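Notes for the one structure printed next.
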Amino acid sequence: MLVTIEEISPGMVLMEDVVLPNGAVLVNASAELTDKLIDILKKRGIEEVQAMTREEMEAADEDTEEPEYEEEEPEEEEETGGNEESHPTSPTIRILVSDDHMSANLIIEPAGGSNEILEYNKIMETFEQNGIEYGINEKKISSLVEDWQAEQKPYEIEDIARGAAPTPGKEGELEFKVKHIENSYHCSEIKNAERYWQIVHMGGEFDRVDKGTVIAERQMGIPPVPGKNIKGELVSINEIIKEKIDTDDNVEYANDGNDIVSKITGIAYFSESCVGVIPINFDGAAVLATDPEMMIGRVTVHPPGPGGKVPSPDYIKQLLEKEKICFGIKEKALKSLADSIAKGEFPEESVVVAEGK
């Protein structure tokens, strides 16, 4: 009787082999369906099977006349002669479980029969017999069944089942509240700078921190998380990893040691288990340069960083006075530069502000 996968129920008996598209036999005829076997059929995409209940089989037997076996001796001989073909055997299936029950290897070996069929459900039954119920790699098993169909030889599949290792607890981890530097090379480069514009080319994402800014908070301890071995048993662990954190002189602890607070203005970093702040001036800058003959004076304006001040026109004039430049000053150029700065526009090239004759 053809029955859909939704209609079958535990206790029914298969009347025909269940065969996969590649020709491999998934379940042999005469197998009694169980909840586990039905689940396997569904996972393998089987939509319908030839199956009957025990009652239907008994009723069918009652409606069938007793065959005259004595008169059908040739058929009996033919059935006996084809017994090996109609009753295939199974290869040897062994499972090697690790001492800690966290992994298992699957070994398949030919048993010497001429018609050996490796069945998915037989492998799963072997797992069940060995008490293995967790971490079974069903994809590897399906692939093995297909490989056996192509070539019957010894197979050993490592880690066919693998448990989940327990996770140690953690204590003292930090949660950063600002964007910071973690690259040790960038830390060195920033430490060699004085102003923000000298490091902006790095392109990293970092926040300005000022005195009193909370850089990071210590997190509450995270308890250990138990794992599970392949037998479904919990695996406990008592290990707790304590995070060792050092700090530099530019930060301090607050809030009972739970917060790390900046003592200066700069950029926060966390490198080699050390938390600190690198001092940086976020103000913009104007740099005056002259040629060796003192014939041309050029000003380069660098934009400020977050929260920094822009250089004022008076500051630029003070630079000229400091360098004793009093002749050939280009007032229009200075005014144009001041207007640009006021709009937040900073020339990429230096501007000639004085020129001798």
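The values are calculated or read from the model by the stated rules, or taken from the named source; none is laboratory data. Just so it is clear, the model here is predicted, and its values are computed rather than measured. Backbone-built Cβ (ideal geometry, glycine too); neighbour counts: all protein chains shown.
For Glu32, the stated conditions hold: it is modelled with pLDDT of 80 or more and surrounded by fewer than 16 Cβ atoms within 10 Å (Cβ to Cβ). Being of a type outside the set (Lys, Arg) and surrounded by fewer than 16 Cβ atoms within 10 Å (Cβ to Cβ) is true of Gly257. Quick check: anything in segment 158-181 part of a loop (DSSP other than H, G, I, E, B) and polar (S, T, N, Q)? Within segment 158-181, not a single residue is part of a loop (DSSP other than H, G, I, E, B) and polar (S, T, N, Q). Among the residues of segment 309-341, which ones are touching a residue at least 12 places away in the same chain (Cβ under 8 Å) and hydrophobic (A, V, I, L, M, F, W, C)? Answer for segment 309-341, where residues must be touching a residue at least 12 places away in the same chain (Cβ under 8 Å) and hydrophobic (A, V, I, L, M, F, W, C): Val310, Ile316, Leu319, Leu320, Ile325, Phe327, Ile329, Ala333, Leu334, Leu337, Ala338, Ile341.
Residue by residue, here is whether (1) touching a residue at least 12 places away in the same chain (Cβ under 8 Å); (2) loosely packed, with under 13 Cβ neighbours inside 10 Å; (3) within 31 Å of the chain's Cα centre (by Cα) holds:
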residue: Ile199; (1), (2), (3): yes, no, no
residue: Glu205; (1), (2), (3): yes, yes, yes
residue: Ile215; (1), (2), (3): yes, no, yes
residue: Asn229; (1), (2), (3): yes, no, yes
residue: Ile237; (1), (2), (3): yes, no, yes
residue: Ile245; (1), (2), (3): yes, no, yes
residue: Met294; (1), (2), (3): yes, no, no
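Conditions (1) surrounded by 15 or more Cβ atoms within 10 Å (Cβ to Cβ); (2) in contact with a Gly (Cβ under 9 Å, 6 or more places away or on another chain); (3) aliphatic (A, V, I, L, M); (4) on the phi < 0 side of the Ramachandran plot, marked per residue:
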{"residue": "Phe127", "(1), (2), (3), (4)": "yes, no, no, yes"}
{"residue": "Gly131", "(1), (2), (3), (4)": "no, yes, no, no"}
{"residue": "Ile141", "(1), (2), (3), (4)": "yes, no, yes, yes"}
{"residue": "Gly169", "(1), (2), (3), (4)": "yes, yes, no, yes"}
{"residue": "His186", "(1), (2), (3), (4)": "yes, yes, no, yes"}
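Which residues, counting only those in segment 182-208, are of a type in the set (Asp, Glu), under 18 Å from Asp248 (Cβ atoms) and in a loop (DSSP other than H, G, I, E, B)?
Within segment 182-208, Glu182, Glu194, Asp207 qualify.
Could you check segment 317-357 and list, in sequence order, the residues that are charged (D, E, K, R), assigned to a loop (DSSP other than H, G, I, E, B) and over 58 Å from the mean Cα position of the chain (by Cα)? Please lay out each step first, then the result.
Within segment 317-357, the subset charged (D, E, K, R) is 317, 321-324, 330-332, 335, 339, 343, 345, 348-349, 355, 357.
Now drop any that are not assigned to a loop (DSSP other than H, G, I, E, B), which leaves 323-324, 330, 343, 345, 348-349, 357.
Glu323, Lys324, Lys330, Lys357 - these are the residues of segment 317-357 that are charged (D, E, K, R), assigned to a loop (DSSP other than H, G, I, E, B) and over 58 Å from the mean Cα position of the chain (by Cα).
Filtering segment 46-92 to residues that are assigned to a loop (DSSP other than H, G, I, E, B), at pLDDT below 85 and within 24 Å of Val18 (Cα to Cα) leaves Gly82, His87, Pro88.
For segment 261-276, enumerate the residues that are in a strand (DSSP E or B) and over 13 Å from Cys187 (Cα atoms).
Val261, Ser262
Of the listed requirements (1) surrounded by 14 or more Cβ atoms within 10 Å (Cβ to Cβ); (2) on the phi < 0 side of the Ramachandran plot, Gly328 misses just one: (2). Could you list, in sequence order, the residues of segment 175-210 that are within 17 Å of Glu272 (Cα to Cα) and of a type in the set (Phe, Trp, Tyr)? Once the filter is applied, which keeps residues that are within 17 Å of Glu272 (Cα to Cα) and of a type in the set (Phe, Trp, Tyr), segment 175-210 yields Phe176, Tyr185. In this entry, Lys309 is excluded by the filter for residues that are over 30 Å from Cys326 (Cα atoms), in a loop (DSSP other than H, G, I, E, B) and of a type in the set (Lys, Arg).
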